[in-house]
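Below is one structure; the comments refer to it alone.
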Amino acid sequence: MSGRFEGRRALVTGASRGIGAAVALQLAEDGADVAIVARSVEAHQKIAGSLNETAERIRQLGSRCVVIGADLSSDEDRSRIVPAAIAGLGGLDILVNNAAAAIYQPPETYSLKHRRLSMEVNYHAPADLMQALVPHLIEAGEGWIVNLTSSAAGYVAGPPFVVGVQIGLYGATKAALNRMTNAMGASLHGTGVRVNAVMPRAAVLSEGADALVGDRLRPDQMESMESMVEAVLLLCECESDCTGGVYVSLDLLAQSAPTKP
């Protein structure tokens with residue numbers, strides 16, 4: 001345990017597996033107590049990982065862990081997450097909005113149900129959790145919010161258009177999240193609350209991503225879990241003027257990275 005986040009309390013969504021679980025575990029290894037959120041409290045039949053498994057590993061590291069089973073597409077479920085995390089840990093300093101819903105199909109075939117689900121999980125859930133937590137962070141005089149985003153938020157150049165996996169709907173929700181991140185960072189600048197987003201430069205082959213698109217990716221289209229986690233953690237300790245930004249993981253690691261004051 002390095003003590004890098006000693007005394008910090010973090011809330012991480014989508015922490016049953018993948019990037020969310022890896023971020024939660026690294027925060028715990030570096031000294032933080034962690035509240036973790038996902039639907040998969042118990043082991044999943046098709047995809048490895050669950051909140052209980054992540055929690056057991058966090059506790060083995062000597063950190064406290066609060067398990068919050070919640071459906072992030074439900075505003076009712078979302079409304080109890082921040083209060084439960086604060087009650088369980090005695091406060092919060094860090095929020096990592098990692099959970100996402102990815103539905104890959106041609107945009108002309110998206111159902112209203114899928115459009116609503118994607119926006120609820122990928123945009124409204126992070127927005128609701130930020131709004132719920134911000135008053136506590138302002139009162140504390142500092143805090144860190146990191147939203148996980150995607151290069152899918154960018155435009156596809158053309159014509160001719162080269163489209164592999166149909167990620168338009170997912171990208172649209174992440175574009176909305178990027179803009180909200182920037183707006184929240186600008187609005188809160190001067191309060192001590194930092195709000196940033198970070199995306200992988202290439203695919204991070206988590207359990208969920210592997211199940212969805214793992215057979216379509218070449219080695220040069222992937223980046224390591226470790227690099228993505230470290231990029232997230234840099235933004236969990238950045239200076240107060242590092243806010244409102246949308247970063248690319250490997251670029252962030254390569255530059256003179258934001259550091260804790």
Within the stretch 36-64, residues being at pLDDT 95 or above and either under 23 Å from GLY7 (Cβ atoms) or over 20 Å from the mean Cα position of the chain (by Cα) (or both) number 13
Within the stretch 86-126, residues among the hydroxyl-bearing types (Ser, Thr, Tyr) and in a helix (DSSP H, G or I) come out as THR109, SER118, TYR123
Pairs returned, first residue in the stretch 233-261 that is within 22 Å of ARG179 (Cβ to Cβ), second residue that is in a strand (DSSP E or B) and modelled with pLDDT under 95, beta-carbon separation under 9 angstrom, 6 or more apart or interchain, are SER249/VAL204; SER249/GLU223
Mind checking whether some residue in the stretch 43-51 is charged (D, E, K, R) and either buried (at least 19 other Cβ atoms within 10 Å of the Cβ) or free of Cβ contacts under 8 Å to residues at least 60 places away in the same chain (or both)?
-> no
The condition of being touching a strand residue (DSSP E or B) at 6+ places or on another chain (Cβ under 9 Å) and either surrounded by 15 or more Cβ atoms within 10 Å (Cβ to Cβ) or closer than 26 Å to HIS189 by Cα (or both) holds, among LEU61, LEU117, LEU72, only for LEU72
- Message: Taking the conditions exactly as written (within 22 Å of PHE5 (Cβ to Cβ) and either touching a Leu at 6+ places or on another chain (Cβ under 9 Å) or surrounded by fewer than 22 Cβ atoms within 10 Å (Cβ to Cβ) (or both)), does PRO126 satisfy them or not?
- Response: yes
In the stretch 181-197, anything under 26 Å from GLU223 (Cβ atoms) and touching a Ser or Thr at 6+ places or on another chain (Cβ under 6 Å) is listed as GLY185, ARG194, VAL195, ALA197
Check: under 18 Å from ILE145 (Cα atoms), modelled with pLDDT of 95 or more, part of a helix (DSSP H, G or I) and in contact with a helix residue (DSSP H, G or I) (Cβ under 9 Å, 6 or more places away or on another chain), is that true of LEU11?
Finding: no
Original post:
Based on what the data block shows, is THR181 out of contact with any helix residue (DSSP H, G or I) (no Cβ under 8 Å at 6 or more places or on another chain), buried (at least 17 other Cβ atoms within 10 Å of the Cβ), in contact (Cβ under 8 Å) with a residue 40 or more places away in the chain and closer than 20 Å to VAL23 by Cβ?
Top reply: yes
The condition from (1) under 28 Å from ALA231 (Cβ atoms); (2) at pLDDT 95 or above that TYR104 misses is numbered (2)
Cβ pairs under 6 Å, 6+ apart or interchain, first in the stretch 131-150 and hydroxyl-bearing (Ser, Thr, Tyr), second not in a helix (DSSP H, G or I), ordered by first then second residue, are THR149/ALA197; THR149/MET199; SER150/MET199
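For every residue, the table says whether it meets (1) of a type in the set (Phe, Trp, Tyr); (2) at pLDDT 95 or above; (3) over 19 Å from VAL121 (Cα atoms).
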{"residue": "THR173", "(1), (2), (3)": "no, yes, no"}
{"residue": "ALA176", "(1), (2), (3)": "no, yes, no"}
{"residue": "VAL193", "(1), (2), (3)": "no, yes, yes"}
{"residue": "MET199", "(1), (2), (3)": "no, yes, no"}
{"residue": "VAL204", "(1), (2), (3)": "no, no, yes"}
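The values are calculated or read from the model by the stated rules, or taken from the named source; none is laboratory data. Just so it is clear, the model here is predicted, and its values are computed rather than measured. Positions of Cβ are backbone-derived with ideal geometry, glycine not excepted, and every protein chain shown enters the neighbour counts.
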